[in-house]
1. Inspect region 44-63 for any residue being closer than 19 Å to Ala283 by Cβ, of a type in the set (Ser, Thr, Tyr) and either in contact with an Asp or Glu (Cβ under 8 Å, 6 or more places away or on another chain) or at pLDDT 95 or above (or both) and give the result as yes or no.
2. Keeping to region 23-40, report how many residues are modelled with pLDDT of 95 or more and of a type in the set (D, E, K, R).
3. Can you tell which of Leu182, Leu262 is under 18 Å from the mean Cα position of the chain (by Cα), crowded, with 17+ Cβ neighbours inside 10 Å and modelled with pLDDT of 95 or more?
4. Determine whether Leu76 is of a type in the set (A, V, I, L, M, F, W, C), within 13 Å of ligand 1 (Cβ to nearest atom) and more than 15 Å from the chain's Cα centre (by Cα).
5. For Asp223, all conditions in the list (1) surrounded by fewer than 20 Cβ atoms within 10 Å (Cβ to Cβ); (2) in contact with a strand residue (DSSP E or B) (Cβ under 7 Å, 6 or more places away or on another chain) hold save one; what is the number of the exception?
6. When you go through Leu75, Leu90, Leu106 one by one, which is the residue that is hydrophobic (A, V, I, L, M, F, W, C), touching a Gly at 6+ places or on another chain (Cβ under 6 Å) and within 16 Å of Thr26 (Cα to Cα)?
7. Given the criteria within 9 Å of ligand 1 (Cβ to nearest atom) and touching a Leu at 6+ places or on another chain (Cβ under 9 Å), does Met59 qualify?
8. With respect to the numbered conditions (1) farther than 18 Å from Lys276 by Cα; (2) over 18 Å from the mean Cα position of the chain (by Cα), which one is the sole condition not fulfilled by Ile116?
Amino acid sequence: MTELSPVTEATATKAPAPKKLAVPDTQTVTSVQHWTDRLFSFRVTRPASLRFRSGEFVMIGLMQTDEKTGKEKPLLRAYSIASPSWDEELEFYSIKVQDGPLTSRLQHIQPGDEIILRPKPVGTLVHDALLPGKRLWLFATGTGIAPFASLLRDPQTYEDYEEVILTHTCREVGELQYGKELIDQIRTDELLAELMGEGFHEKLRYYPTTTREESPKMGRITDLMRCGECFEDLGVPELSPETDRAMVCGNLAFNLEIKEMLEGYGLEEGANSDPKQYVVEKAFLD
Ligand SMILES: Cc1cc2nc3c(=O)[nH]c(=O)nc-3n(C[C@H](O)[C@H](O)[C@H](O)COP(=O)(O)OP(=O)(O)OC[C@H]3O[C@@H](n4cnc5c(N)ncnc54)[C@H](O)[C@@H]3O)c2cc1C
Ligand SMILES: NC(=O)c1ccc[n+]([C@@H]2O[C@H](COP(=O)([O-])OP(=O)(O)OC[C@H]3O[C@@H](n4cnc5c(N)ncnc54)[C@H](OP(=O)(O)O)[C@@H]3O)[C@@H](O)[C@H]2O)c1
């Protein structure tokens, strides 16, 4: 990581000290889109040196004043990169927590503003952590769709699997909109079609559900799997360790519940260093 020095050697000796210290690792916001009063997405410039694997997360944030010392310091939070690794910008999909230290302020960013981005991508929701399989399940709740927005725009996802199923469970219909537009874009964008390869459209399945507002498919994905409705709707069998691979990203309770279900189907949890049949990451810390 390149930490920008607040003053260069030349300015340190010849120029007067700058009034404002340069902030390390800043990137410029290029666009912002608000989806609901609790959700927004934004794009920022990408550091030229940043290489990442689709599905990974980085630390991003803003400067804040330390109440005790009065000094400026970075306030950082983990964020999944929602854009694919080939994109020249970086996209993020974010919650707005009204009293959240970061997002109470981050939700007000505008194009041209700067954010801090530490260019050290990490994470387990990557292809490398899974053994080869036929069908890839991406199970998301809420903002947990963010890493999958990256993976679903990565050609490798369609090269590696015959079928890719995204399930997204949210409380309300409006919270599904980012995912819905993402899927529409993937299905209609000519550049993406060129990148993804022949026939990738048929491989992509989308299964959105809501739990607190009426929509065409209601219920928690876990319940819909348990009663078999999800498999019936999609026309696929229950998961099996021979054919199916899964990535999970949601709240803690969801992650724990679906983990137990996946283990029940016979799938084992993998990691970067030990690829297996499924991987899990928290969408946020409770
Ligand atoms: C590996 C990882 C990846 C993450 N990726 C994303 C991402 O892509 N997008 C994103 O919005 N957040 C993501 N988060 C959560 C993020 O790090 C922050 O918690 C979030 O930005 C809120 O920050 P805050 O300082 O405003 O509030 P915090 O003090 O961090 O959180 C306050 C409370 O708000 C709730 N909360 C926090 N984040 C969320 C969320 N995403 N959805 C619903 N409730 C939440 C929790 O109850 C939490 O206790 C991720 C977290 C982890 C651990
Ligand atoms: N979304 C909102 O409109 C809203 C509004 C104000 C405040 N909040 C607060 O914000 C925080 C995060 O809310 P959120 O809606 O973004 O995320 P969330 O509470 O994680 O819920 C997202 C989705 O996951 C489902 N879910 C939760 N636990 C599950 C489990 N064990 N198995 C399967 N599905 C599960 C929820 O269904 P269920 O609905 O059945 O739980 C919901 O559809 C919460 O603390 C909440 O109180 C949310």
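1. Yes, region 44-63 has at least one match.
2. Matching residues across region 23-40 total 2.
3. Criteria check complete, one pass: Leu182.
4. Yes; evaluated as a whole, the condition is true for this residue.
5. So the condition that Asp223 fails would be (2).
6. Going through Leu75, Leu90, Leu106 in turn, the sole match is Leu75.
7. Answer is yes for this residue.
8. Condition not satisfied by Ile116: (2).
The values are calculated or read from the model by the stated rules, or taken from the named source; none is laboratory data. Owing to the predicted nature of the structure, the values given are computational and were not obtained by experimental measurement. Positions of Cβ are backbone-derived with ideal geometry, glycine not excepted, and every protein chain shown enters the neighbour counts.
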